[in-house]
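To start, the structure itself, in structure tokens.
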Amino acid sequence: MEFLATRNSILPAAVALPDNSGHRINHRVSLGSSNVSLKRNVRGLTVTNVATPLPTIAPSWETESVVKRNHVAWTSVKQERWEGELIVQGEIPLWLRGTYLRNGPGMWAIGNYEFRHLFDGYATLVKLHFENGRLVAGHRQIESEAYLAAKKNKKLCYREFSEVPKPDNFLAYVGELASLFSGASLTDNANTGVVRLGDGRVVCLTETQKGSIVIDPDTLDTKGKFEYSDTLGGLIHSAHPIVTDKEFLTLLPDLVNPGYLVVRMEPGTNERKVIGRVNCRNGPAPGWVHSFPVTEHYVVVPEMPLRYCAKNLLKAEPTPLYKFEWHPDSKAFVHIMCKASGKIVASVEVPLFVTFHFINAYEEEDEEGRLTAIVADCCEHNADTTILEKLRLQNLRAFNGEDVLPDARVGRFIIPLDGSPYGKLEAALDPDEHGRGLDMCSINPNYQGLKYRYAYACGAHRPCNFPNTLTKLDLVEKKAKNWHEEGAVPSEPFFVPRPGATREDDGVVISMISQEAGSGYALLLDGSTFTEIARAEFPYGLPYGLHGCWVPKK
Ligand SMILES: CC(=O)/C=C/C=C(C)/C=C/C1=C(C)CCCC1(C)C
Ligand SMILES: CC(/C=C/C=O)=C\C=C\C=O
Ligand SMILES: [Fe+2]
């Protein structure tokens, strides 16, 4: 494992603002009072760099409260919105023109009520707009029904990942007993990812279908629901569709007759069409499909023994695995469906596994060019579900130097296409290369579905309780380069290829770092050397965020 030199010195914040580090605070403090002009020299020009915060809409239900001193990564963002130019240290490549958007659960409280789990928080969308070597940043809360209702009623009104409203909260809001048992009580808090469709629309997503929300990538305005115009129904889908300029592919789990519909939507439409259906091989319900990968011609449908649980969906109190149950006896399977015909070309038993995120998949050929297997890689948690519990906020906030992050690896599935009944699952490289922690991955998008060499992810610099490095994985040399800074919690490293590049790792890696001291910054690493090329400090600490997308400049 290679560790790269990192900086310890941190630039002063562009604008001095109350940090997120604690004390008795008044959340109504507005950023509006903090406009600051800073002069700097950019390529011979003196540029007045004005951090111009937008008017702050302080959550009225988040008035005076006592906040414990926590890592800013796990501390709710204090303002509903902000925008301003950041001072850049280093050089942003001039070819980098567009907006990186990152979604994630950034607000974990309603009044004095603190949410339990990382995945419960109300969605905070962050943007980094790069143009001419300059960087304009901002964030904004997504105005889902769930968020607006919580704000208005000062209480939880919809079912979140682990939180369930008290019946009177929800009934007071929606007013119908039957709604508790239908999709109406599920959240539309689109806090997981953000994708740019082939037609240019930008949609924030979570695992409930109703939580598909169209936003404006420039202003971060919530434009409204993305309504699916088909009649496929169902309540949930994969949080991570595969999105290219040509299509949107996703999985719709069927909780009644355990299986999955594999569906495709064309750009410019809202209608998903069925490619085919996979019936589960075993178990009382489909396995959780947070994500799935595709190859050029096939869709890989994982059947994980961590399965949805209809009973847990209705429970008022969280169960150990939330809306899921671990069924090792039901075994694990991987199904391969042909994209063109919808036919299942392989359905094999594989070793037990636990994953949130697939990294990529590709078709393996023999010397004669005959297709022999599908290779699918994921961030695999050693078939251990305890990672879900480690992501409870109280555990994330309680870090005391103990090394409690469970081990993870690049799990490589090899799925034979010769009709044999078993597939293999092995580590693609020694997990010690990335500190035995691994999640939140990206690749060069031009290599999606193709044989590839590099992946970017978060790994571990132990002791830790959460992935705390950025790591570049070389899956051919089986080596990793790691970036780490003391106390930093980096979000998913997102790879943007350089236009015209011919090398797979020619591009930049974008991440946002939340720092222990309460601050945060945007970070650019060179995709090839994996060394820092630029950073820009935010005037306030950023909470942790999940997944992002790139919106190129028109
Ligand atoms: C943020 C993340 O990674 C996952 C979020 C998952 C969510 C919000 C899941 C929500 C669900 C419900 C509210 C009820 C139905 C089941 C399930 C999809 C898990
Ligand atoms: C942040 C995370 C797992 C970290 C484990 O080491 C998973 C996030 C899942 C949702 O997108
Ligand atoms: Fe995810």
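Within region 69-110, track down each residue that is farther than 30 Å from residue 395 by Cα and part of a strand (DSSP E or B). Full working, then the answer.
First, pick out the residues of region 69-110 that are farther than 30 Å from residue 395 by Cα: 83-99.
Scanning region 69-110 gives 83, 84, 85, 86, 88, 89, 90, 98, 99.
Filter region 377-398 down to the residues that are in contact with a Pro (Cβ under 9 Å, 6 or more places away or on another chain), more than 16 Å from ligand 3 (Cβ to nearest atom) and either closer than 20 Å to residue 417 by Cα or hydrophobic (A, V, I, L, M, F, W, C) (or both) and list them by number.
Hit for region 377-398 is 383, nothing else.
Is it the case that region 305-314 has a residue that's within 16 Å of ligand 3 (Cβ to nearest atom), surrounded by 15 or more Cβ atoms within 10 Å (Cβ to Cβ) and under 29 Å from residue 372 (Cα atoms)?
Within region 305-314, one or more residues are within 16 Å of ligand 3 (Cβ to nearest atom), surrounded by 15 or more Cβ atoms within 10 Å (Cβ to Cβ) and under 29 Å from residue 372 (Cα atoms).
Between a residue in region 378-398 that is touching a residue at least 12 places away in the same chain (Cβ under 8 Å) and over 23 Å from residue 429 (Cβ atoms) and any residue that is away from ligand 2 (no atom under 11 Å from the Cβ) and of a type in the set (S, T, N, Q), which pairs come within a Cβ distance under 6 Å, given they are 6 or more apart or on different chains?
The qualifying pairs are 397/70.
Considering only residues of region 510-554 that are within 16 Å of ligand 2 (Cβ to nearest atom) and outside any strand (DSSP E or B), which is modelled with the lowest pLDDT? Before the answer, list the steps.
Of the residues in region 510-554, the ones within 16 Å of ligand 2 (Cβ to nearest atom) are 511-514, 542-549.
Pick out the ones that are also outside any strand (DSSP E or B) and you get 542-547.
Working: 542: 93, 543: 98, 544: 98, 545: 98, 546: 98, 547: 98.
The qualifying residue modelled with the lowest pLDDT is 542.
Test residue 271 against the stated conditions and say whether it is of a type in the set (Asp, Glu), closer than 18 Å to residue 240 by Cα and touching an Asp or Glu at 6+ places or on another chain (Cβ under 6 Å).
Details: of a type in the set (Asp, Glu): yes; closer than 18 Å to residue 240 by Cα: yes; touching an Asp or Glu at 6+ places or on another chain (Cβ under 6 Å): yes.
In short, yes.
Report those strands (runs of 3 or more DSSP E) wholly inside region 410-503 carrying at least 1 residues which are of a type in the set (Asp, Glu), at pLDDT 95 or above and within 26 Å of residue 370 (Cβ to Cβ). I'd like the intermediate steps shown before the answer.
Working: elements: 424-427, 439-442, 454-459, 469-474, 479-484, 488-490, 494-497.
Filter on region 410-503 gives 424-427.
Give me the pairs: first residue in region 185-206 and over 18 Å from residue 141 (Cα atoms) and assigned to a strand (DSSP E or B), second residue more than 7 Å from ligand 1 (Cβ to nearest atom) and of a type in the set (Val, Ile, Thr), beta-carbon distance under 9 Å, and six or more apart or on different chains, which are they?
Partner pairs satisfying both residue conditions: 196/202; 196/203; 196/243; 196/551.
Mind listing whichever residues of region 309-345 are polar (S, T, N, Q) and either in a strand (DSSP E or B) or closer than 19 Å to residue 253 by Cβ (or both)?
Just the residues of region 309-345 that are polar (S, T, N, Q), to begin with: 312, 319, 330, 341.
Result: 312, 319, 330.
What number of residues within region 220-249 are within 16 Å of ligand 1 (Cβ to nearest atom), outside any loop (DSSP other than H, G, I, E, B) and either farther than 13 Å from residue 190 by Cα or at pLDDT below 95 (or both)?
Going through region 220-249 one residue at a time, the tally reaches 0.
Could you please find all residues in region 179-217 being within 19 Å of residue 272 (Cα to Cα), among the β-branched types (Val, Ile, Thr) and either within 9 Å of ligand 1 (Cβ to nearest atom) or surrounded by fewer than 19 Cβ atoms within 10 Å (Cβ to Cβ) (or both)?
206, 208, 214
The values are calculated or read from the model by the stated rules, or taken from the named source; none is laboratory data. Nothing here was measured: the structure is a model prediction, and the numbers come from that model. Every residue, glycine among them, receives a Cβ derived from its backbone with ideal geometry; neighbour counts consider all protein chains shown.
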